[in-house]
Each structure stands twice: as structure tokens, then as C-alpha cells.
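The values are calculated or read from the model by the stated rules, or taken from the named source; none is laboratory data. Since this is a predicted model, take the numbers as computed values, not measurements. Counting neighbours? That spans all protein chains shown, and the Cβs are built from the backbone with ideal geometry, glycine included. Accessible surface areas use protein heavy atoms only, side chains included; no ligands, DNA or RNA. Shrake-Rupley method; radii C 1.70, N 1.55, O 1.52, S 1.80 Å.
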Amino acid sequence: MADRKLFLLVSMLILISIVLTYSLSAYTTLLFGVSEFHFAIRQAFFGFMGVIIIWLLAQLDPDKWLAPIGFMLFIGSGILIIAMPFLSESLVSAVGGAKRWIKIFGFSLAPVEFFKVGFVYFLAWSFSRKLGHHAGMGIGAEFKRFIPYALVFVCAMFMIAFVQNDLGQVVVLGMTLLFMLMFAGSSFRFFFSLLFIALTFFLFFIFTAEHRITRIKSWWALAQNSVLELFPATIAEKLRVPTEIEPYQIGHSINAIHNGGMFGTGLGGGTFKLGFLSEVHTDFILAGLAEEFGFFGVLFVVILFMWILQRIFKIANRSKDTSIYLFSLGIGLLLSFAFIVNAYGISGITPIKGISVPFLSYGGSAMIAASIAIGMVLMASKKADLE
């Protein structure tokens, strides 16, 4: 039997998302001249579809359906990502010159959201067959064994980071790949070697794009005062950047969090959603949550999210099938890193990466893709001993 607790927990988070979308999109609806329920109705539709998808997938036999769905997501969405730059403007939506969404029946579909789920399944399927414990294997042999996966990841990284100009998704996928490798039996030495290589490439991508350099500088303008206190004055002055480039989005996000205090301003009582934070119901939804429901509201959502992760990791831990173990683990890691990257970004700890909060941020593609991921985990949970 599929894990009912996981289904109920995810449904609860989706319900919270609909309520927050209605409250936090108040200014955006006025700005675009649409009904006050415009975004809430769309999110309710996405959420309802997500719950139905989760329930339907949970009814399927994992031995028959898990692999076909996983490979369809991996191959199908990969082909769409490759094809998007060559599609006409009438079929795709572009932001900043990057084509990230395909227009379908009045909605915008982001293939990268589905590719992430398929990529995790591909890794789980492949790792369970080719990787094992590293006992007696040198680091050179581990690198040789890793080459095919490195090529697949480099191709994915090129498509997402260069073609779609979305480095944040690459960061989430890269961290998921690294930790899945470790749980699949790679050595710590190999893990840290890959981590060093990944950081090197990450810095390369940052310093080869002017907009990313600007984003790093704007983040540092906000974080520098607390960090530079630890350095001698002569060194601190050399590392300091002009405060006029302070990021207004992060500044308003932090002020919204501070304004919420312990108990918040109440549902609908937030002020930073009124034009200070652009479309707060999307990437800055945690800041909006913090302002209207305070520390305890955020704490409740964090506990709910961690409970979801605990159920996913329990399914992984209780699975005897290695591919199911690695897939469930990978989905848990994917959701975890997305939440962490977003939370760190809106609180100024790290630069903003444009990553949505799973099941909470407004957006149909992210909601449906995450629902498919949970549905697949629930399907797989039938083969786990959860008693």
C-alpha cells in the first residue's frame, strides 16, 4: 500500500500554497489588470491536478510503470529543451533572451522541471546497475566509471546553463548528482574531488557572465558588513563594494521577514507585497509567508516540509530494490536542495538563484513536475516495508 501520510502532507502543503497565492498576489493582480482571484484560481487548478496525478500514480504497479514514466520524463523533456531554441516565438516564451517555456493551451510549460525528475530516475536506474561499493577501487578507476555520467551531466548543464541561462537549476541538479553518487557507494575522496571540480566550474560560469557577476556583487553588498567585521581593516576595505549596488529585492525580502516578527501581520496584512517585492507569490513566497504569518508560520511550513522529506527518506531506507532506494533518495535530495537554495537566497545568505519552493511557489510546471515525482515515490513505496 502506498504511503498515505506522504500523500496527506503534500496535499496540505499544496492547500497552503493556494491560500498564500491569493493573499500575496494582491498587488500583481492590480498591476496586470486581472481578477483578484486570477492567480489563486490557476494555482488551485495546478494544485488539484497535482493531487490527482499523485493519487493516480500511486495506484500503479512500480514494476510495470516506474521505468517507462522515468525514461519518458528524462528523454522527452531533454528533447524539448534541445528543440526550444529552434521553435518560433509563437510557441515559446522568452525572458532575457532565454527560451524556457513552451506555450500549450494558454499555459506555459517549463521542460526543465520535468527533466530534473527524469534525470534523477536515470541516475537511480544506472547507479543501481553500474555502481557499487568502492572497496579496493582507486580514485582513478572511480573517475573512469564516472565518465559516462559526467558526459550526460555536461550535456544537461550546457542545455540548462547556456541555452536557457538558468544556472540555479544546474546547481540543484549538480548537488543532487553528487550526493546520489555518495549514497550509491562512491568514496569520500572521490566525492570531495568532484565537489572541488564542480566549484571550479561554478566559478567559471559566474565570471564568464556579466549579469552573474553583478548578481554576486549585489549580494555581497548586502552581506559584506557582517562578514568583513571578521577581517583586519586593511583587508576589509579592499573587499568592500559600493553600497549603491545593494540589491533592493533581497533588502525588501529581509525587511519583510523582519516585519513579520514572531506571529506575523496576519493573512492579507503584509505590506512588502504591495510593489516592493515583485511577484512575491513566486520565488519570494517564503518572505511573504514570514511577513504575514511570522516565525511560527515559517516554522510550521518547515516542519511540514521536513516531515515530507522524512517520509520520502523512510521509503528509500525501507526499499530493498536499489534503484527505488536511489530514486526516492534522489527526489528527497532534489526537493531539499530547491528549498534550501530558495530559503538561503531570500534571506541574503547566498545570491538569489530563481529557484521556486516545491509545492509552495506559484507555477504550474513546478507543481505538476513535483507532483509526478511524489506520485512516483508513492508508487515505489508499495515495495517498501513501511510498517
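Output the residues belonging to the range 269-281 that are buried (at least 24 other Cβ atoms within 10 Å of the Cβ) and over 17 Å from His38 (Cβ atoms).
Scanning the range 269-281 gives Gly270, Phe272, Leu277.
Looking only at the range 258-283, which residues are at pLDDT 90 or above and among the aromatic types (Phe, Trp, Tyr)?
Phe263 - this is the single residue of the range 258-283 that is at pLDDT 90 or above and among the aromatic types (Phe, Trp, Tyr).
Scanning the range 304-331 for residues that are among the polar types (S, T, N, Q) and open to solvent by 10 Å² or more (accessible area, probe 1.4 Å), which turns out nearest to Ala58 (Cα to Cα)?
Ser319
Taking the stated definitions as given, is Leu56 hydrophobic (A, V, I, L, M, F, W, C), open to solvent by 60 Å² or more (accessible area, probe 1.4 Å), more than 30 Å from Asp3 (Cβ to Cβ) and part of a helix (DSSP H, G or I)?
no
From the set of residues in the range 332-345 that are farther than 15 Å from Val170 by Cα and open to solvent by less than 20 Å² (accessible area, probe 1.4 Å), which is modelled with the highest pLDDT?
So the residue we want is Gly332.
Output the residues belonging to the range 346-363 that are under 18 Å from Glu291 (Cβ atoms) and open to solvent by less than 20 Å² (accessible area, probe 1.4 Å).
Result: Ile346, Gly348, Val357, Leu360, Ser361.
Across the range 282-303, what is the number of residues that are crowded, with 24+ Cβ neighbours inside 10 Å and among the hydroxyl-bearing types (Ser, Thr, Tyr)?
0
I'm trying to understand the selection: among the residues of the range 23-47, which are aromatic (Phe, Trp, Tyr) and surrounded by 13 or more Cβ atoms within 10 Å (Cβ to Cβ)?
Passing the criteria: Tyr27, Phe37, Phe39, Phe45, Phe46.
Looking only at the range 61-86, which residues are open to solvent by 40 Å² or more (accessible area, probe 1.4 Å) and not aromatic (Phe, Trp, Tyr)?
Matches in the range 61-86: Asp61, Asp63, Lys64, Pro68, Met72, Ile75, Ile79, Leu80, Ile82, Pro85.
Has the range 218-230 got at least one residue that is on the phi < 0 side of the Ramachandran plot, open to solvent by 80 Å² or more (accessible area, probe 1.4 Å) and at pLDDT 75 or above?
So far as the range 218-230 goes, no, none of its residues is on the phi < 0 side of the Ramachandran plot, open to solvent by 80 Å² or more (accessible area, probe 1.4 Å) and at pLDDT 75 or above.
What is the one condition in (1) touching a residue at least 40 places away in the same chain (Cβ under 8 Å); (2) assigned to a helix (DSSP H, G or I) that Met306 does not satisfy?
Among (1) touching a residue at least 40 places away in the same chain (Cβ under 8 Å); (2) assigned to a helix (DSSP H, G or I), the lone unmet condition for Met306 is (1).
Here are some conditions: (1) part of a strand (DSSP E or B); (2) small (Gly, Ala, Ser); (3) without any contact (Cβ under 8 Å) to a residue 60 or more places away in the chain. Ser108 meets all but one. Which one does it not meet?
(3)
Which one of the conditions (1) assigned to a helix (DSSP H, G or I); (2) more than 24 Å from Asn259 (Cα to Cα) does Ile340 fail to meet, given that it meets all the rest?
So the condition that Ile340 fails would be (2).
Pairs under 7 Å by beta carbon, first residue farther than 20 Å from Asp385 by Cα in the range 1-20, partner open to solvent by 60 Å² or more (accessible area, probe 1.4 Å) and acidic (Asp, Glu), six or more apart or different chains?
none
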